[in-house]
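Input: a single structure, listed below in structure tokens.
Coordinate-derived values only; no laboratory data. It should be emphasised that the depicted structure is a prediction, and the values quoted were computed from it without experimental measurement. Cβ atoms come from the backbone with ideal geometry, glycine included; neighbour counts cover every protein chain shown.
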Amino acid sequence: MIRKYTIGNPIPTGSVVTPVKAEEGLLPGWAFDSEGKTLSYSMREDDLVYGLGETVRGMNKRGWIYTSNNADDPFHLEDKRSLYASQNFIMLIPGKLSGRQIGGEGGEAGRDGLSGGLFGLYVDTPGVIHFDIGFTDLDTLTIRFEDFDADIYLITEDTPRKIVKELRALTGRSYIPPKWAFGFGQSRWGYKSADDIREVVDSYRREDIPFDSVYLDIDYMERFKDFTVNKENFPAFEDFVTEMKEEGVHLVPIIDAGVKIEEGYSVYEEGVRNKYFVTKEDGSELVGAVWPGRVHFPDFLNSKARKWFGRCYSFLLDKGIDGFWNDMNEPAIFYTEDRLNSVLEQVDQFKGRDLGVMEFWQFRGLVTSLENNRDDYKTFYHDYDGTRVRHDKVHNIYGFQMTRAAGEAFEELCPDKRILMFSRSSYIGMHRYGGVWTGDNKSWWSHIKLNIQQMPGLNMCGFLYSGADTGGFGADTTEDLLMRWTAVSIFTPLFRNHSALGTRSQEFYRFPKVKQFRDLVRLRYALLPYIYSEFMKAALGDDMYALPLAFVYGDDERARRVEDQLLIGESIMIAPVYEQNALGRYVYLPEEMKLIRFRTDSDYDEEILPAGDHYIPLKLNEVAVFLRKGHCLPLADLSAAAGPVKGMEDAFSCPLKFITFEADPEDYVRYDDDGITRI
Ligand code: MIG
């Protein structure tokens, strides 16, 4: 059941597709403080709080304060409150104290009128809000608003997954990418030319590592201008796209939010002519700076501008491109022209002065204040279909509306065909148009764990097609880190190795143990029939693909607290190693399961283990999969392939084999459509 409560006068976000009539009165069970602009809920000791999508810390969000305020921040540390996205959905899963059984027959109901205590809450507001989940007081959950305007949806059902299903009914079905997007993709910020890309392709082929895509980062563009191609480095781009396609490789270019200011550049000129860019108080276009230098930002909240920008993607679609990633759309701003001028003036006053410590900090602060300064968001405006709105009031939906621009254009331009799309910034609702990657993580062991922990939060909010930069984006990777990380990423729908300019190269073929990487990637391809089927079940059934154990074993006190294991689809649980030099790890089994220890897709052993704690030895080249009783795992039998397994299509044409645990393969529901036609 969904009940809606409206506070104040919320600015619409475009997130909800099935309108709900607002209830009279206040959110039941919550204390309302209009002066402090807060809503508070008393948590019991054994209540779990899940949700908030792509945020730092654990799956259970208790014990920290999270701020929805989309930010370009490459330091995903424990003390951060905001990352790139705002996914304002939380779910409270009560424990035994409330007398509630999760996923079973309902216990005694009646806590706060919230059907026994289990509930989901979606706070739909485009502005900044804070989720204080036991930060100020361990047992209090407080939502604090900068502007007390929101549509709040309270969802009560008797299982967590039914709540997720209701949220999806409210906000729409999840985006489904083409099938090749489940293959492996290689990326790096620094590939500059067609020859650089050919080298990547040839190296992967030489090492016989399957892959389906190579990503183009900003250097493919001419002076970082959206919807252009650098002619020197890609002399015949269209032919190159065809050449790659014939090789079975999809090229996936990046699109940035900012549009370069340059006379004669059609995107810039059309945007200015039609007033499609965001403006300052005086009506002139905001001038900011990002990779292209000075830019204007498209007004994605204006439906005309959105339509226009979306159609610009046809420049690349027409050349045979069938996938994109949208970046810098929080939006990231290196500096605005106005602030730069003011800082330069102030800096001038420091000239010739003897800088004391305080003055030194002041001076330094001036310069660092330029980048991603939140006050800049108060200096420009949108034409939100007739209403002038200051950006900070709608900040969190900017990236969503950019990706919507693309998604709606794809529906119009390629009505039959699925196009790959994922974005850095997001808001609930964007999950209808694309997936997300989790941004600029680092080659840190703790970020493998963060990857595991972010998956279910993203899935809850509808972002099924998601994944992290495998191997880490910033900082130098190591061979063992990349290997352990890959052992996680072979289970995430988006599986991409990506890294930053200036860091150690991390393509799999760069390492001495390249054979082990080949085995890992081949295992992914062997798992594709399962991964794809489970993804489709989640998308079409408004369900989740990666689940916390608490969602299935909600009455098991131990399972409820597991933070580093995931259920992937209906059949399996994974428990990855994310510590350096570990030769295995402890795993909690909520029920009897069959351990499959994979060394390669065809070399594995099986062992039935009782419920409880187990130490599972796992060498660097081993991947543990735990098969649930009564289930089976279909695998593409790559060893029976007619030729080399180069990519997704080869894997799907292999015969299937099944690993079973007291189950009949006949009962397994498999999805295997052409992978391109829209569903
Ligand atoms: O300011 O395009 O998150 O994946 O490689 C950095 C360069 C801009 C940030 C993205 C990253 C990408 C990088 N971009």
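Given the peptides 275-287, 437-449, 485-497, arrange them by the average over their residues of other C-beta atoms within 10 Å, most packed first.
Details: 275-287: 16.4, 437-449: 21.7, 485-497: 24.7.
In decreasing order of mean packing, 275-287, 437-449, 485-497 become 485-497, 437-449, 275-287.
Taking θ as phi - 60° and the Karplus parameters 6.51, -1.76 and 1.60, the scalar couplings of segment 368-379 work out to 6, 6, 5, 7, 6, 7, 4, 5, 5, 5, 8, 9 Hz in sequence order, x denoting glycine and proline. Residues Val357, Val389, Val252, ranked from the fewest to the most other C-beta atoms within 10 Å, line up as Val357, Val389, Val252. Computed log10 I(q)/I(0) for segment 149-192 at 0.13, 0.29 Å⁻¹: -0.58, -1.05, from the Debye equation with unit scatterers placed on every C-alpha and solvent omitted.
Report the far tail of the P(r) of segment 620-679, meaning the percent of Cα-Cα pairs longer than 14 Å. For segment 620-679, the fraction of Cα-Cα distances above 14 Å is 65 percent.
At 25 °C and a viscosity of 0.890 mPa s, what translational diffusion coefficient does Stokes-Einstein give for the chain, taking Rh as the Kirkwood radius over Cα pairs? Give it in µm²/s as a whole number. Before the final figure, lay out the partial values.
On the way: Rh = 25.9 Å.
Answer, rounded: 95 µm²/s.
Could you give the distance between the Cα centres of segment 473-488 and segment 616-666, to the whole Å? One Cα centre to the other: 24 Å. Listed cross-link partners Lys4/Lys225; Lys192/Lys619; Lys37/Lys61; Lys231/Lys417 are compared with a 32 Å cut-off, the Cα-Cα value being larger for Lys4/Lys225; Lys192/Lys619. With kT/(6 pi eta Rh) evaluated at 4 °C and eta = 1.567 mPa s, and Rh the Kirkwood radius from Cα pairs, segment 118-267 diffuses with a coefficient of 65 µm²/s according to Stokes-Einstein. Between Asp672 and Leu77, the distance separating the two model label sites (each 7 Å from Cα on the Cα→Cβ line) works out to 5.0 nm. Spin-label pair Thr136-Arg223: with each label point 7 Å from Cα along the Cα-Cβ axis, the two points sit 5.1 nm from one another.
Please arrange Met358, Met1 by counting, for each residue, the other beta carbons lying within 10 Å of its beta carbon, fewest first.
Met358, Met1
Please order Asp385, Asp338 by the number of other Cβ within 10 Å, starting at the fewest. Numbers along the way, then the final one.
On the way: Asp385 12, Asp338 15.
Ranking Asp385, Asp338 by Cβ neighbours within 10 Å, fewest first, gives Asp385, Asp338.
Compute the Kirkwood hydrodynamic radius of segment 193-292, taking the inverse of the mean of 1/r over all pairs of distinct Cα atoms, and give it in Å to one decimal. Here the Kirkwood hydrodynamic radius works out to 15.6 Å. Annotation: aspartates and glutamates with alpha-carbon distance below 20 angstrom to Lys165 (same-chain offsets under eight excluded): Glu54, Glu105, Asp124, Asp151, Glu157, Glu534, Asp542, Asp543, Glu570. Under the criterion of Cα pairs below 8 Å and six or more residues apart, the relative contact order for segment 306-418 equals 45 percent. Comparing Cα centroids, segment 377-416 and segment 46-101 end up 26 angstrom apart.
Taking 20 Å as the cut-off, the amide N atoms of segment 223-249 that come nearer than this to a point 7 Å along the Cα-to-beta-carbon line of Arg198 belong to 229-249. Annotation: amide H-H contacts under 5 Å for Phe495 (H modelled 1.01 Å from N, sequence separation of 5 or more, or interchain): Gly185. Once the chain from Arg353 to Arg294 is taken as fully extended at 0.36 nm per residue, the excess over their C-alpha distance is 18.1 nm. Each Lys or Arg adds one and each Asp or Glu subtracts one; over the other residues with Cβ under 13 Å from the Cβ of Ser489, this totals +2.
For the chain, what is the percent of antiparallel DSSP beta bridges, rounded to the nearest 5? Walk me through the numbers on the way to the answer.
Values: 85 of 111 bridges.
Of all bridge pairs located within the chain, approximately 75 percent are antiparallel.
Between the beta carbons of Glu269 and Glu337, assuming R0 = 30 Å, the FRET efficiency works out to 0.95 to the nearest 0.05. How many angstrom lie between the C-alpha centres of segment 114-145 and segment 222-292? First find each Cα centre; the distance between them is then 40 Å. Rounded to the nearest 20 debye, the dipole size of the chain about its Cα centre is 80 debye, using +1 on the Cβ of Lys and Arg and -1 on the Cβ of Asp and Glu.
Straight-line cross-link partners of Lys629 among the lysines, defined as a Cα under 21 Å from its Cα and at least 8 positions apart when in the same chain: Lys537, Lys594, Lys657.
Selection among Phe363, Leu317, Met421 by position relative to the dipole of segment 311-446 gives Met421 as farthest towards the positive end (Cβ unit charges, Cα centre).
What percent do you get for the relative contact order of the chain when only Cα pairs under 8 Å and 6+ apart count?
On the way: 1584 pairs, mean separation 99.2, N = 679.
Across the chain, relative contact order equals 15 percent.
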